[in-house]
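Worksheet for the structure shown next.
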Amino acid sequence: MLTDRERETLAYIADHVANRGYAPKLREIAEHLGIRSRGTVHRYLRALQAAGHIRISRGRARGIELLHAEDPDVAPGHTLPLLGRIAAGHPIEAIPGEDEVDLSQFFVDVNRFVLRVQGESMIEDGIMDGDMVVVERRAVADDGDIVVALVDSDEATLKRLQRNADGTVTLVPANRAMTPLRYSAERVQIQGVLVAQFRAYR
């Protein structure tokens, strides 16, 4: 079982990853907890790692990998009834059924997290401002994948990955009004690959 402070630390790390796409630094965790001692933060992190909630990579400024995106004590299943099919073109009959769709199969996994999209750089791929995207945590990606990329260990962005013959990497927006961003490969760290998205209309 985690202590209250360890659980608060884990919740802050999860929130930071969900909203920014990368883990907080020790200084940021300490500031959030209202403490000055980074040694105390280290102790909380070691406890979380021992409990299997995070993985710590030494020598990296943001070397905390979240292994559980949700509260480890709460893992409910979420389903909605599948009532049939409906055409987006000509009308067809919507046939009632008995099945259910388990939403966790689409979205939930220990290696996945959710980000809210800000901006219009991916609108031509149907990813709009305010959409929620589900990202599978990976350090590598295939050419053409839509990725969460951390540039210069500071700024995370959602773009399509393009590897160039000269060894550089281009992060390509899906918006013709915006310019692709080209970097040396060592400046770009892949945080994850887009696997799903969703939006609410109400």
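Taking region 110-131 as the region of interest, how many residues are in contact with a helix residue (DSSP H, G or I) (Cβ under 9 Å, 6 or more places away or on another chain) and touching a residue at least 60 places away in the same chain (Cβ under 8 Å)?
Taking region 110-131 as the starting set, the residues that turn out to be in contact with a helix residue (DSSP H, G or I) (Cβ under 9 Å, 6 or more places away or on another chain) are 113-116, 129.
Add one more test, that the residue is touching a residue at least 60 places away in the same chain (Cβ under 8 Å), and what stays is 113-116.
So the count comes out to 4.
Determine, yes or no, whether LEU80 is surrounded by 15 or more Cβ atoms within 10 Å (Cβ to Cβ), more than 15 Å from GLU8 (Cα to Cα) and at pLDDT below 90. Judged against the criteria, LEU80 is not a match. Can you report the number of residues in region 20-63 which are in a loop (DSSP other than H, G, I, E, B) and either under 20 Å from the mean Cα position of the chain (by Cα) or without any contact (Cβ under 8 Å) to a residue 24 or more places away in the chain (or both)? Count: 18.
Return yes or no: is VAL17 touching a residue at least 60 places away in the same chain (Cβ under 8 Å), part of a helix (DSSP H, G or I) and surrounded by 13 or more Cβ atoms within 10 Å (Cβ to Cβ)? Criteria met by VAL17.
The values are calculated or read from the model by the stated rules, or taken from the named source; none is laboratory data. All of these numbers come straight from a predicted model, not from anything done at the bench. As a convention, Cβ positions derive from the backbone with ideal geometry for all residues, glycine included, and neighbour counts pool all protein chains shown.
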